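Participant: Have a look at this one before I ask anything.
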Amino acid sequence: MAHSASLISTEDLARQMGAPALRIFDCTTYLRPRPEGGYNAESGRANYDKGHIPGATYLDLGADFSDPASSLRFTLPPLETLTKAFAAAGIGHGTFVVLYSHGTPTWATRFWWMLRAVGFDDTAILDGGLDKWKAENRPLETKASTHPAATLSLRARPGLFVDKAVIKDAIGKQGTLTLNALSHDQHKGSGGVAYGRAGRIAGSSCVPAASLFGADKTMKPISELRAAFDGVGAAPDKQVLVYCGGGIAATVDAFVLTALLGHTNVAVYDNSMQEWSNDASLPMEVG
């Protein structure tokens with residue numbers, strides 16, 4: 001297991017259950033591939049209702065934490081709006097937040113990265129998520145939980161999310177690495193789901209988010225994680241701009257780089273390939 005204050009084990013969470021300041025959130029969304037390409041997004045609320053970690057509240061990324069004015073999926077809302085939504089969900093000063101998801105940690109890391117963007121850092125990812133919790137036969141409940149609204153001040157870090165202009169400007173720039181968190185097949189344009197044109201952002205490298213955690217959904221050892229990023233030249237002194245299909249899987253790479261490997265200059269391209277690959281003016285590569 002990788003160790004970090006931003007990663008909490010199932011054992012440690014079980015020991016802390018019932019602590020007054022603890023706030024647990026199920027962040028799961030499901031993506032169902034479409035035959036014609038892309039995905040349909042499905043709320044994880046139904047699965048939450050079937051059984052969740054006791055005391056956990058469900059956070060609906062698509063319905064409550066994405067910009068309704070955007071034509072693209074999961075676009076980050078204005079940070080002030082996001083701060084109010086988190087406070088309404090019970091996240092505030094003096095609380096300790098544990099985020100988990102089912103199937104993949106990507107949904108939990110998306111919320112972790114959004115909380116960092118509004119300046120809230122007392123947050124940890126449940127290592128292994130709901131999968132590991134259930135595999136260990138730990139208790140579940142079906143009764144929905146809510147947390148009382150909290151007070152949360154915006155302490156914005158707007159640079160944690162970037163747009164296509166920043167990504168375009170970074171192409172060929174020394175000291176900046178653009179990094180794809182999708183699969184190697186998607187990166188090469190040879191397979192997997194495409195969001196428009198197949199392939200990758202010109203000049204980008206690839207560390208798939210799915211390669212950073214194991215079958216039990218826990219993060220791989222620090223030595224393996226560091227080797228994966230060292231292998232593409234993601235040195236600590238570089239700016240790293242991470243993208244994927246829609247700004248979700250990219251947050252796993254961003255979480256690992258920031259929380260586990262100590263990088264300080266990492267950003268996520270929010271709209272990622274759902275935007276880039278459908279704009280014919282933006283350069284892409286295959287192979």
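Participant: Determine the dipole magnitude for the stretch 159-285: charges of +1 sit on the beta-carbon of Lys and Arg, -1 on that of Asp and Glu, nothing else is charged, the reference point is the Cα centre, and the result goes in debye to the nearest 20.
Facilitator: Dipole magnitude for the stretch 159-285 comes out near 120 debye.
Participant: Moving on. When the helix-only estimate is applied to the chain (DSSP H runs of n ≥ 4, each -39,500 (n - 2.57), divided by the residue count), what is the mean residue ellipticity at 222 nm, nearest 500 deg cm²/dmol?
Facilitator: Result for the chain, helices only: -7000 deg cm²/dmol.
Participant: Kindly flag which residue pairs out of K132/K188; K132/K220; K168/K217; K173/K220 have an alpha-carbon separation exceeding 23 Å in this structure.
Facilitator: Distance filter (> 23 Å) returns K132/K188; K168/K217; K173/K220.
Participant: Which residues among the stretch 160-182 fall inside the zone where the amide N is under 13 Å from a point 7 Å beyond the Cα of L72, along Cα→Cβ?
Facilitator: 161-168
Participant: Figure the gain on full extension for K143 and D169 (residue separation times 0.36 nm, minus the Cα-Cα span) and round it to one decimal in nm.
Facilitator: On the way: separation 26, 0.36 × 26 = 9.36 nm, distance 4.89 nm.
Gain on extension, K143 to D169, equals 4.5 nm.
Participant: Please report the net charge: other residues with Cβ closer than 12 Å to the Cβ of R197, K and R +1, D and E -1.
Facilitator: Here the charged neighbours net out to -2.
Participant: Grab the other residues whose beta carbon is less than 13 angstrom from that of W113, score K and R as +1, D and E as -1, and report the net.
Facilitator: For residues surrounding W113, the net value is 0.
Participant: Taking a ≥ b ≥ c as the square roots of the eigenvalues of the Cα gyration tensor of the stretch 159-285, is the shape rounded (a/c under 1.5), prolate (a/b larger than b/c) or oblate?
Facilitator: Note, shape of the stretch 159-285 comes out oblate.
Participant: Before anything else, pin down the relative contact order of the stretch 159-285: Cα pairs under 8 Å, at least 6 apart, normalised by residue count, whole percent.
Facilitator: So the answer I get is 33 percent.
Participant: Next question, about the same structure. If I take R0 = 35 Å and measure r between the Cβ atoms of H93 and E42 in this structure, what FRET efficiency does the formula 1/(1 + (r/R0)^6) give, to the nearest 0.05?
Facilitator: Efficiency computed from Cβ-Cβ geometry: 0.55.
Participant: Rounded to whole Å, give me the distance from the Cα center of the stretch 8-31 to that of the stretch 187-242.
Facilitator: Here the two parts' Cα centres lie 27 Å apart.
Participant: Go through 102-111, 155-164, 186-195, 249-258 and give me the packing order, highest mean Cβ count within 10 Å leading. Spell out each step's value before the answer.
Facilitator: Numbers: 102-111: 25.1, 155-164: 15.5, 186-195: 17.2, 249-258: 27.9.
The packing order, highest mean first, is 249-258, 102-111, 186-195, 155-164.
Participant: How big is the antiparallel share of DSSP beta bridges in the stretch 159-285, given as a percent to the nearest 5?
Facilitator: 20 percent
Participant: Also: What number comes out for the charge environment of C244, summing +1 per Lys or Arg and -1 per Asp or Glu over other residues with Cβ under 13 Å away?
Facilitator: Net charge around C244: 0.
None of the figures in this text is laboratory data; all of them are computed from the coordinates on show. These numbers come from a predicted model, not from an experiment. Methodologically, a virtual Cβ is constructed for each residue, glycine included, from the backbone with ideal geometry; neighbour enumeration extends over all protein chains shown.
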